[in-house]
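Here is the structure we will look at, set down as structure tokens.
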Amino acid sequence: MLTFHNTLTRKNEPFKPLKAKSVGVYSCGPTVYNYPHIGNYRAYVFVDLLKRYILYKGYKVKHVMNITDVDDKTIRDSQKEGISLKEFCSRYEKAFFEDLESLNILPADKYPRATEYINEMVAMAKSLMEKGLAYKGEDGSIYYNIRKFRDYGKLANIDLNKLKAGASGRVKKDEYAKDDVQDFALWKAYDAADGDVFWNTEIGKGRPGWHIECSAMSIKNLGKTFDIHCGGIDLIFPHHQNEIAQSEGYTGKKFVNYWLHNEWLLVNGQKMSKSLGNFYTLRDVLSKGYSPIAVRYLLLSTHYGQQLNFTFEGIDAAKASIDRLNELVRKLRDVKITNKKSVLLKNEISAAEKAFEAAMDNDLNISEALAAVFELVKGINHHIDSGTLNKSSAAAVLKLLKKFDSVLGVIDFGSEGKLGRDVQKLIDQRESLRKEKRFAEADKIRAQLLQRGIQLDDTPEGVRWKKV
Ligand code: AMP
Ligand code: ZN
């Protein structure tokens, strides 16, 4: 039975979707104001693992991931560069999608942009005012009165009654610290610092607050109540708590049944973050010659609820694990013997499958699941080396590896004459770097490919490759 650790109840719970066959998943997407670092990608790789395992269990998934293309940070930084908000955000949005592809993350069914949902946000803010849950401040901004929402604090386990009187002020900025629980802005009245970023609406001239963006986009695309909502643990409070207050205040219904949050990717014991300056973008890592699939493996191979320390040795170890899997695939394809039988094999295969599923069913216990995979790899290698594997058993093992890989997304089943996925991704990566005129980084990738026996030639028709 599939179980998840639900942040809302702080328990492992059996997963019961609202509909028998399909699951709605919303994950908070990027604020497109820079290149995400690999800590951010831990959050997106986690959602990918979750989604792939739900698909493995036979459900359909409707996955929605928002793009925040208007907030304090996008406005601030687009102004610094002197370009329009749209131009600024679309640059980073494009980079984000390229990164998702190189990490072999399955695309979401929908990527709503905040700026395309202003009407929905205005309707919500208006309705929350009519219900007495929100009020207009002197500056014309609209704030949510958190004391009017009975369950405020439940998700983050914060007891409002224990707060000192007067601690609850009002905050117009999008992010604030966990300790200062405050009324937050649903709608921010225009001020001159916003430049040309504003909407004239029936609740005034201004722009939405960050939190309401996710409420509006998730409800519109997944309904008033949906199954799973994900994000990093920093989003539990205030972002997700505020989403609950807005959405439940607006619809009068339970917003989300299961809240799943991923822990930090650390560097030397500290959270990898933009503000601490201890971050690597995916591009930084790839330009050092590491493969995106190895980064994917590293990010997914520790349980999402545990912290994971990032090191380059960790990527090397991830690569070694992937190499073992790819090597086995190659050997299995080479198995020629047809007349020998191994009686043990059927048992070994089904034991591996059961162990993998039992581990993943238990709140996606990936370390145990991978242990089951590598136990199988070890056993099969032994059979191959001792010549006791016949062709039909080899095919059965290959089939199981493909099934496992529908969840893991790391094995290269590419056939001869075709480029492996890793190599193709590197070529694509180099192309985008060249387009951005980042030639030094592009050249590094070319040199790295040459070392792997792939020579690139830039022709007027585009890049060509050959094996050397
Ligand atoms: P942001 O663009 O800052 O909203 O972050 C996007 C996602 O990345 C959020 O779900 C964050 O919780 C997550 N995130 C940010 N830093 C890290 C980190 N060091 N480790 C894991 N997740 C992170
Ligand atoms: Zn969100």
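What to note about this one:
- Kirkwood analysis of the chain, using all unique Cα-Cα pairs, places the hydrodynamic radius at 24.3 Å.
- Solvent exposure of the chain, expressed per residue, is 45 Å² of accessible area, with all protein chains present and a 1.4 angstrom probe.
- With all protein chains modelled, accessible area of LYS154 [1.4 Å, Å²]: 100 Å²
- Computed magnitude of the charge dipole of the range 300-437 (debye, nearest 20; Cβ of K, R +1, Cβ of D, E -1): 720 debye
- Gyration tensor verdict on the range 166-247 (Cα atoms; rounded if a/c is under 1.5, prolate if a/b is larger than b/c, oblate otherwise): oblate
- Bridgeable lysines around LYS136 (alpha carbons under 16 Å apart, same-chain partners fewer than 8 residues away excluded): LYS126, LYS148, LYS172, LYS173, LYS188, LYS205.
- Radius 15 Å from Cβ of GLU368, net charge of other residues (Lys, Arg +1; Asp, Glu -1): -4
- Cα-centred dipole magnitude for the chain, charges only on beta-carbon of K, R (+1) and D, E (-1), debye, nearest 20: 1280 debye
- Straight Cα distances below 23 angstrom link LYS378 to the lysines LYS319, LYS331, LYS336, LYS340, LYS341, LYS346, LYS354, LYS391, LYS399, LYS402, LYS403, with same-chain residues fewer than 8 positions distant left out.
- Taking every protein chain into account, the 1.4 Å probe leaves CYS89 with about 10 Å² of accessible area, to the nearest ten.
- Projecting label points 7 angstrom from Cα along Cα→Cβ for LYS86 and ASP458 puts them 3.1 nm apart.
- Proximal charge balance of GLY132 [Cβ under 14 Å; K/R count +1, D/E count -1]: +4
- Centre separation in Å (Cα based) which lies between the range 340-408 and the range 28-81: 33 Å
- The Cα-based radius of gyration of the range 351-397, divided by its Kirkwood radius, gives an Rg/Rh of 1.09.
- Estimated from helices alone, the mean residue ellipticity of the chain at 222 nm is -14500 deg cm²/dmol (sum of -39500 (n - 2.57) over DSSP H runs with n ≥ 4, per residue).
- When the convex hull of its Cα atoms is projected in every direction, mean area for the range 138-275 (nm²): 10.3 nm²
- Helix 421-435 axis, angle to the chain major axis (alpha carbon atoms, nearest 10°): 50 degrees
- A straight Cα-to-Cα reach below 17 Å connects LYS19 with the aspartates and glutamates ASP227, residues fewer than 8 places away in its own chain not being considered.
- 0 to 90° range, to nearest 10: angle between helix 241-251 axis and the chain longest Cα axis: 70 degrees
- Counted charge near SER78, where neighbours are those whose Cβ lies closer than 12 Å (Asp, Glu -1; Lys, Arg +1): -3
The values are calculated or read from the model by the stated rules, or taken from the named source; none is laboratory data. No experiment lies behind these values; they were computed from the predicted model shown. Cβ sites come from the backbone with ideal geometry, for glycine too, and all protein chains shown count toward neighbours. Note: accessible area is taken over every heavy atom of the protein model, side chains too, but ligands, DNA and RNA are not part of it. Shrake-Rupley method; radii C 1.70, N 1.55, O 1.52, S 1.80 Å.
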